[in-house]
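Coordinate-derived values only; no laboratory data. In this text, all values refer to a predicted model and were calculated from it rather than measured experimentally. We place every Cβ from the backbone using ideal geometry, glycine too, and count neighbours over all the protein chains shown.
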Amino acid sequence: MNIMLLGAPGSGKGTQAEKLVGRLGYTQVSTGDLMRKQIADQTALGAECGKYMNEGKLVPDQIVNAIVKDYLETNHEKLIFDGFPRTLEQALELEKMLAEVNSKMDKVIYIDVAQDVILKRISGRIICPVCKVSYHVETRKPLVEGICDNDGATLIRRPDDAPEKVAVRLAAYEADTKPLIDFYSNKPGFIHIEEASELDGETVYQMIEKELVK
Ligand code: ADP
């Protein structure tokens, strides 16, 4: 079974993906992480992606689609898509790419979080550059300030979590990604987690897990 997590930046997609990986053995496909790896490895592709990502803008469809296509050649089962697709063009391409490897998307989980909560979450977010887990300076502190509980790495703030970049990312979400909710809501396997801002991550996870066995 393949799952997609849909929701605004900061809606908790990464947190839920981490739980699904740890507890149910899924493999996370985060296009953001795949591209940040290209940037860290200083590849030409990374340099191209970085131009858009550092501004908070969406990376062009052809580039992201090619990265995912490459990934799907070796992995196409029990995947959890986090941050892809983000445009209708990407969604249509993903259907084709999965069909080509005799696979499909089984569940689309929309995590619905209010905008004011998103802004608070992103403004306090710090992440581990090694294991990618995210913390929050007030609501999800690491055991030792500034240090990852899992691997002892120094926590960092993502450059695109600066307030002016967040505004650009949220605008891109509204314009390009929100239409995907309509696209998927008419298809089988669509799961809407309503008012997720009122719930903690564990409660959201339990709701998702229950839906997956249906
Ligand atoms: P968030 O969900 O918090 O925005 P991500 O790590 O998913 O974090 O994405 C960070 C950035 O990477 C985005 O702002 C965008 O520039 C780029 N990106 C990630 N996934 C995609 C995608 N599917 N299409 C276009 N750009 C993407």
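State the Cα centre-to-centre distance between region 1-27 and region 44-119 in whole Å.
If we compute the Cα centre of each part, the gap is 13 Å.
With a Förster radius of 22 Å, plug the Cβ-Cβ distance of Asp33 and Glu174 into 1/(1 + (r/R0)^6) and report the FRET value to the nearest 0.05.
The formula returns an efficiency of 0.45 here.
Can you tell me the Rg and Dmax of region 19-69, counting just the alpha carbons, in angstroms?
Values for region 19-69 (Cα only, Rg and Dmax): 12.5, 35 Å.
Per-residue ellipticity at 222 nm for the chain, helices alone: DSSP H runs ≥ 4 residues times -39500 (n - 2.57), over residue total, nearest 500 deg cm²/dmol?
Roughly -13500 deg cm²/dmol at 222 nm, from the helical runs in the chain.
Cross-link partners among lysines for Lys104, C-alpha distance below 27 Å, same-chain residues fewer than 8 apart left out?
Cα-Cα hits under 27 Å: Lys13, Lys19, Lys37, Lys69, Lys78, Lys96, Lys132, Lys178, Lys187, Lys210, Lys214.
Just to be sure I understand the model, the point goes 7 Å from the Cα along the line to the Cβ. What's the resulting Lys57 to Lys96 distance in nm?
2.4
Working from the pairwise distances between different alpha carbons, so that the mean of 1/r is found and then inverted, what is region 120-214's Kirkwood radius in Å?
Over region 120-214, the inverse of the mean reciprocal pair distance is 15.8 Å.
Need one number: nm distance between label points at Leu24 and Leu45, each 7 Å from Cα along Cα→Cβ, rounded to one decimal.
It works out to 2.8 nm between the two label points.
Hey, how much of the P(r) for region 65-162 falls beyond 17 Å, as a percent of Cα pairs?
Percent of Cα pairs beyond 17 Å in region 65-162: 63.
Around Glu209, what is the net charge, scoring Lys/Arg as +1 and Asp/Glu as -1 over all other residues with Cβ under 13 Å from its Cβ?
My count for the surroundings of Glu209 gives +3.
Let me make sure I get this right: for region 113-168, a, b and c are the square roots of the gyration tensor eigenvalues over alpha carbons, sorted descending. Under 1.5 in a/c it's rounded, otherwise prolate if a/b > b/c, else oblate. Which is it?
Here region 113-168 falls in the prolate category.
How big is the chain by the Kirkwood estimate over distinct Cα pairs, in Å?
It is 17.7 Å.
If I model a spin label at Asp182 and Glu202 as a point 7 Å from the Cα along the Cα→Cβ vector, what separation in nanometres do I get?
For the pair Asp182/Glu202, the computed spacing is 3.9 nm.
Amide H to amide H, which residues 5 or more places from His136 or on other chains are under 5 Å from it, using H placed in the peptide plane?
Under 5 Å from the amide H of His136 lie the amide H atoms of Ile126, Lys141, each far enough along the sequence or on another chain.
Length gain on complete extension for the stretch His192 to Leu88, per 0.36 nm per residue less the alpha carbon to alpha carbon distance?
35.6 nm
Among Gln16, Thr74, Gly46, which residue has its Cα furthest toward the positive end of the charge dipole of region 1-99, with +1 on Lys/Arg Cβ and -1 on Asp/Glu Cβ?
Gln16
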